[in-house]
Amino acid sequence: MTRYPHLLAPLDLGFTTLKNRVLMGSMHTNLEETKDWNRVAEFYAERARGDVALMVTGGMAPNREGGVFPGAAGLYTPQDIANHRVVTGRVHEAGGKIVMQILHAGRYAYGPDCVAPSPVKSPISPFPPAELTEEGIEKQVADIATSAARAREAGYDGVEVMGSEGYFLNQFLVTHTNKRTDRWGGSYENRMRLPIEVVKRVRAATGPDFILIYRLSMIDLIPDGSTWAEVVTLAKEIEKAGATIINTGIGWHEARIPTIATSVPRRAFSWVTKKLMGEVSIPIITSNRINMPEVAEAVLADGCADMVSMARPFLADPHFVAKAAQGRAEEIAPCIACNQACLDHTFNGKISTCLVNPRACHETELRYDPAATRKSIAVVGAGPAGLSAALVAAERGHEVTLFDKAPEIGGQLNMARKIPGKEEFHGLVTWFETMVAKAGIALRLNAEATADDLLDFDEVIIATGVLPRDPGIPGQGGPNVLSYIEVLRDEVPVGETVVIVGAGGIGFDVAEYLSEKGKSPTLDLDAWLTEWGVADPAAHRGGLAPEGPQPEGPARKVTLLQRKAEKPGRRLGKTTGWIHRATLKMKGVEMIGGVNYEAIATDGLLISFGKSRDDPQKIVAENVVLCAGQVSQRSLADALIAKGLKPHVIGGADVAAELDAKRAIDQGARLAAGL
Ligand code: NAP
Ligand code: SF4
């Protein structure tokens, strides 16, 4: 008997059957833009082999003006059709099903040719859109229908029409972006004309036995968003127009409420989809922050939807469904919703991958093939870099011994998991523990390896991490001065007023840790919804609470400082930095850049501004916490080199600057893949 009876139940769509209730949601990985179709095909085929029922491709533009950026992948020409056939053929060979997402970006298109219902510029793009004429609208509908027909020709099992997240079709639905007075604007009947027309024309162009998913924005999270009555009306009309399945969209991209970041509670929006259950007779999919089989099972068992969509979890582990079905759920590499290697890469124009799984989108190039010769390998340091190297080396058949002087594995991940909103790191450490045990790695905890202990190994990998940087501020030896390690390990009491030196990843983490009191809102959905001002869309348009965000008061007064004369937090993750800044702002944390540190006194920190350093002023605080970055811990590597050995040095021990777990895990995996 499976632990996941709802998740693993097939879904009969009439003309075809899905083997379980899991959809791999659309992700823009930038893989298609490489034009290496073998690589694209292998990415999807690997996930098909992992038994996901149905996959959705990244968004494909139906025409040039609708592309998310100039040159974005699409399906325009006969050659495009041949390229896409490589993908669909490989997926079908692997026993999978795949639908192509048609994404018209409208005013979100990052280019000068963008078009929209009305010339209302989006706050997240510098390009004002051109208002479409009647003929222009007809062209967009025709282009979408044509690309659906081409998708069928290219061998796809269906299409997903992207109608949510504030893209083109969504822009017609709400008065926030649709100011038209013709038959495409004004009343809701007029505003929903375009999505309905698109679905009808796509159905007509593709025939009855072709999956047609419509992704419908169920809670816009923007001013003047849809009411719940409008959402229900649209869903019914979309069903009548010929959709096979309705998928859930949550929030426009310009919404100032996080919808998928790690601090969003698990299954935070499944209650919204549940409201639509029973209103239509076609299956409904729910989405957002569902990352584990037990979460997905609970969502389905609670009647929130007929299927679940997970996207990033399939970057972290392509074999998610197969492992769940085989009773190996604890081996599923967890997506921690960090966005660091997926969305942050996409938005920086890089190919997506995964912090937890560096092979994601690199399947053809990064391979963990069996080693030709079995070697004995010592890995010193069981933080992210060392764990990654140890696991890949063991997977390839090497005999691995993993040392750490701490009583537990995880290294800096153990500090990250203390931060409110970063609870997913617990699961990552647990997964590493499981995998280390399963891989048969000899784990030596509480063991500070010396150079002499390592002389007999064939290969030695040094992943000893980092030490806090000494900022050299006069007075820093006082008892009121604390290191971030002491604070995050709860080794010392912390006063009511705190000033933090350094506003990097750790300074922000410490500020969040010290500001939050009681239970993390990430573990309390109602508190989180109140904190961010999310309301029932049946009560308030777009699901925005009229009173706005209502955060709980801060646990203490925190001031966060940096020397760089720029906005603190500017260098945090591209897609998550704003959330950290907003969270601290809600907690009243004062963030100040461009300071000089003059001296630490018993009652605070003396700072000045500018080159002249005139008029130093004191920030009165009971404690000063040093988060001034880190330096490599290389003493063991140096001792080995002195003895004539050639250790491999990875992670923070290699380069401490701008260290994160993504780089550490990637470096460990790539090293071990080549040993
Ligand atoms: P960091 O991000 O490099 O930040 C170091 C901070 O210290 C900066 O604000 C820097 O600003 C300041 N600083 C540097 N030298 C200083 C000096 N001599 N005196 C005073 N201040 C100095 O390093 P971090 O905060 O240690 O963060 C790295 C860690 O954060 C990694 O372990 C990573 O895993 C973790 N992390 C990363 C993220 C992420 O989004 N990627 C998020 C959370 C945590 P100024 O030089 O301007 O003063
Ligand atoms: Fe999930 Fe982070 Fe991997 Fe993205 S990079 S898939 S958010 S674990």
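Each value in this text was obtained by applying a stated rule to the coordinates, not by laboratory testing. Here the structure is a predicted model, which means the values were calculated and not measured. Note that we place each Cβ from the backbone using ideal geometry, even for glycine, and neighbour counts take in every protein chain shown.
Could you give me the ³J(HN,Hα) list for the range 223-240, computed from phi with Karplus coefficients 6.51, -1.76, 1.60 and θ = phi - 60°, whole Hz, x at Gly and Pro?
x, 6, x, 5, 7, 5, 4, 5, 4, 5, 4, 4, 4, 5, 5, 5, 4, 4
Report, in whole Å, the centroid distance computed from the Cα atoms of the range 113-175 and the range 58-87.
If you average the Cα positions of each part, the centres end up 14 Å apart.
Could you tell me whether the range 535-675 comes out rounded, prolate or oblate from its Cα gyration tensor? Rule is a ≥ b ≥ c as square roots of the eigenvalues, rounded for a/c under 1.5, then prolate if a/b exceeds b/c, otherwise oblate.
Taking the square roots of the gyration eigenvalues as a ≥ b ≥ c, the range 535-675 is oblate.
May I ask you to list the trypsin sites (Lys or Arg not before Pro) in the range 1-75 that are in a DSSP loop and have at most 10 other Cβ atoms within 10 Å of their Cβ?
Answer in residue order: 35.
May I ask you to evaluate 6.51 cos²θ - 1.76 cosθ + 1.60, the Karplus curve with θ = phi - 60°, for each residue of the range 645-653 and list the ³J(HN,Hα) values in order in whole Hz, giving x for glycine and proline?
8, 10, x, 8, 10, 9, x, x, 5
Apply 1/(1 + (r/R0)^6) to the Cβ-Cβ distance of residue 490 and residue 524, taking R0 = 22 Å, and write down the FRET efficiency to the nearest 0.05.
It comes to 0.55.
Rounded to the nearest 500 deg cm²/dmol, what is the calculated helix-only ellipticity per residue at 222 nm for the chain, with -39500 (n - 2.57) per DSSP H run of length n ≥ 4?
It lands at -8500 deg cm²/dmol.
Checking the a/c ratio against 1.5 first, then a/b against b/c, what shape does the Cα gyration tensor give for the chain?
It comes out oblate by the Cα gyration axes.
Assuming a strict under-27 Å limit between Cα atoms, what lysine pair count do you get for the range 220-339 once near-sequence pairs (fewer than 8 apart, same chain) are dropped?
Final tally of qualifying lysine pairs is 4.
How much FRET efficiency would the formula 1/(1 + (r/R0)^6) give for residue 240 and residue 35, where r is the Cβ-Cβ distance and R0 is 41 Å, rounded to 0.05?
0.55
Under a cut-off of 16 Å between alpha-carbon atoms, report the lysines in cross-link reach of residue 585, not counting same-chain residues fewer than 8 places apart.
Output for residue 585: 517, 557, 567.
Just add up the charged neighbours of residue 277: K/R +1, D/E -1, any other residue whose Cβ is under 12 Å from the Cβ of residue 277.
Neighbourhood net charge equals -1.
I'd like the distance between the alpha-carbon centres of the range 220-297 and the range 395-413, rounded to an integer number of Å.
With the range 220-297 and the range 395-413 each reduced to a Cα centre, they are spaced 41 Å.
Whole-Hz ³J(HN,Hα) for each residue in the range 628-635, computed from phi via Karplus 6.51 cos²θ - 1.76 cosθ + 1.60 with θ = phi - 60°, x for glycine and proline: what do you get?
So the J values, rounded to whole Hz, are 8, x, 9, 10, 5, 9, 10, 4.
Extending each Cα 7 Å along its Cβ direction at residue 209 and residue 609, get the distance between those two points in nm, one decimal.
7.2
Starting from the 7 Å offset along Cα-to-Cβ, what nm value, one decimal, do you get for the label separation of residue 69 and residue 571?
The answer from the label model is 2.2 nm.
Against the longest alpha carbon principal axis of the chain, how many degrees, from 0 to 90 and to the nearest 10, is the axis of helix 424-438 turned?
80
Out of all DSSP beta bridges with both ends in the chain, state the antiparallel percent to the nearest 5.
20
Out of residues 5 or more away from residue 599 or on other chains, whose amide H comes under 5 Å of its own, with H placed 1.01 Å from N in the peptide plane?
The list, which skips near neighbours in sequence, is 606.
What stretch of the chain, leaving out the sites themselves, is the longest with no GluC sites (Glu not before Pro) in a DSSP loop having at most 13 other Cβ atoms within 10 Å?
Between exposed loop sites, the widest span is 1-364.
For the range 599-661 and the range 186-212, what is the separation of their C-alpha centers, rounded to whole Å?
Rounded to whole Å, the Cα centres lie 58 Å apart.
Rounded, prolate or oblate for the range 373-505? Axes are the square roots of the Cα gyration tensor eigenvalues, ordered a ≥ b ≥ c, and the cut-off for rounded is a/c under 1.5.
Taking the square roots of the gyration eigenvalues as a ≥ b ≥ c, the range 373-505 is prolate.
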